[in-house]
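A short worksheet on the structure shown next.
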Amino acid sequence: MIEIQQNITEKNYEKVLETLNTLDISQADSDSFRREVSILLESFYACHGSEEEPVNRIAIKCLNLLKRACALGETFQNAIVSRLEFLERVRDILVDEKVPENVRTNCLQLLANLCVQNRSNQERIITYMQTFLLTNVSSNGGYANASAMILYNGFIYKAVSLNLLDILNRLLGNVELNRTAQTEQPEFVCIFLEYLISESNEMVEALEKIDASKKLLLYRYLIEYIRQEDRRIHPIHPDVFKHLLAEFKKKSDMVLKTDNVQLDAQDTEEVFTLLVLIADSTCVEPYGSFLRHDGGLFLNLGCLLRQMQLLGKSETKNMFTPVQTIEEILRIKQGDTELDIESQISYSLRSAVVKALANLAYKSKKNQKLAREMDIIAAILECTNLDARNPLIKEWSILAIHNLCDDNLENQQFIAGLKKLGDAENSLITEYKSGTIRISDVNASSNSHKE
């Protein structure tokens with residue numbers, strides 16, 4: 001090993017690489033490694049700043065051998081960290097933009113490996129590098145993944161006091177940057193968020209303090225989280241989910257159950273995003289079973305549906321006014337209208353409410369009874385018309401009626417006893433009867449112009 005340093009001095013780089021390639025770290029004992037680690041580090045320090053290809057390879061090889069040694073346990077990890085001025089020199093290398101990128105990246109990966117299942121190293125490294133690590137996560141550069149890994153290990157082992165609100169904000173900021181760039185999120189950003197979502201109730205307190213924009217980012221992340229089948233083995237922590245449910249109930253009351261409905265208020269977007277989250281949750285276990293036992297939620301959603309219908313019938317058109325005429329629907333499909341309904345926060349919301357009611361009524365005698373007694377059945381029956389603002393609302397309404405009547409004679413009799421007072425308002429039927437709908441054979445029309 002001593003000849004390595006001599007060969008570096010004499011620029012016999014190929015001999016250095018040959019010696020390093022024959023070194024089997026996995027077979028080293030702790031005493032021999034303590035001797036070897038000094039030579040590896042000194043060799044790395046001598047080569048780390050060079051952009052010459054063989055010299056750079058030596059620096060990377062030294063780092064790879066040190067990273068591999070970390071897997072042998074705490075004794076080997078400590079032998080590296082305890083070297084004089086190790087953290088100071090590594091930090092200086094990490095912030096020096098003149099050092100090759102691959103060297104800096106591997107340095108940070110080495111720090112991450114030194115933290116695995118090693119509480120004392122986590123404390124030392126995070127305490128010394130905390131600002132650098134947090135900045136990397138939020139800036140989403142090449143160091144984001146390794147930085148998130150170090151912070152994650154320190155957090156789960158409680159090696160150092162970390163501000164959860166600050167970390168959550170930075171993780172969500174990383175998610176947003178990758179969403180905007182349409183790139184994949186770093187692995188340990190996802191792992192860290194998954195831990196906070198599914199394994200710990202510590203996030204509940206942070207949710208009380210997080211700013212509105214980051215809260216919306218989290219809600220949207222949770223919607224995707226619930227929809228992904230591979231995440232279902234790690235469901236949202238019960239305390240976190242109960243908190244989200246309570247927030248939805250409280251804020252939906254303020255937004256849509258008041259005389260002065262604030263359709264453009266900040267709380268409105270939060271409630272609507274939570275509504276989509278709750279509606280999707282009704283389709284997935286274990287959330288669905290839990291929510292079906294919540295009669296308060298069923299009533300809340302029923303009231304929301306009725307209020308949305310009331311707003312949609314007002315004289316002034318708004319985001320809840322149904323889009324049902326053939327002309328409007330065709331213009332939207334062809335993209336030649338200023339009515340950009342898909343970008344509005346109300347898009348598909350009524351469908352989400354009916355979907356949730358349909359799922360909550362499944363095999364639930366209590367919710368079936370509530371639907372009958374609180375006129376929710378009638379509200380659902382009003383949703384059986386086509387509405388471009390609410391895709392699949394007719395299909396969800398049919399499922400809701402089926403689930404409400406399933407093994408429930410009272411609800412079957414209730415619907416059977418409804419009397420026809422006249423034809424329901426339906427723009428499609430009106431257009432058909434007035435002769436404004438024209439059906440033509442496009443192929444025949446185009447063929448008639450061919451020579």
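What follows is calculated from the coordinates using simple rules that are stated; it is not laboratory data. This is a predicted model, so every value here is computed, not measured. With ideal geometry, Cβ positions are generated from the backbone for all residues, glycine too; neighbour counts draw on all protein chains shown.
General observations
- Once the gyration tensor of the Cα atoms in the range 1-117 is diagonalised, the equivalent ellipsoid follows with semi-axes of 20, 18, 11 Å, ordered largest first.
- Net charge, Lys242 excluded, C-beta distance under 13 Å - Lys, Arg +1, Asp, Glu -1: -1
- Relative to its Kirkwood radius, the Cα radius of gyration of the range 279-410 gives an Rg/Rh of 1.01.
- For Thr321, neighbours were defined as the other residues whose beta-carbon sits under 9 Å from its Cβ, and their charges (Lys and Arg +1, Asp and Glu -1) total +3.
- Whole-number Å³ per residue for the convex hull built on Cα positions in the chain: 234
- For the range 313-319, Karplus couplings with θ = phi - 60° (6.51, -1.76, 1.60), whole Hz, Gly/Pro x: 8, 5, 5, 8, 5, 8, 5
- Computed FRET value (nearest 0.05) for Thr180 with Glu229, which takes r as the C-beta separation and R₀ as 30 Å: 0.75
- In Hz, Karplus ³J(HN,Hα) per residue of the range 5-14 (6.51, -1.76, 1.60; θ = phi - 60°; x = Gly, Pro): 5, 5, 5, 5, 4, 8, 6, 8, 5, 5
- Subset of Lys369/Lys419; Lys250/Lys394; Lys242/Lys313; Lys15/Lys61 violating a 22 Å alpha-carbon distance limit: Lys250/Lys394; Lys242/Lys313
- What the phi angles of the range 134-151 give under the Karplus curve with 6.51, -1.76 and 1.60, with θ = phi - 60°, is a coupling list of 5, 4, 4, 5, 6, 7, 6, x, x, 9, 4, 5, 5, 5, 5, 4, 5, 5 Hz, glycine and proline written as x.
- Neighbours of Phe188, meaning other residues whose beta-carbon lies under 15 angstrom from its beta-carbon, give a summed charge of -3 when Lys and Arg score +1 and Asp and Glu score -1.
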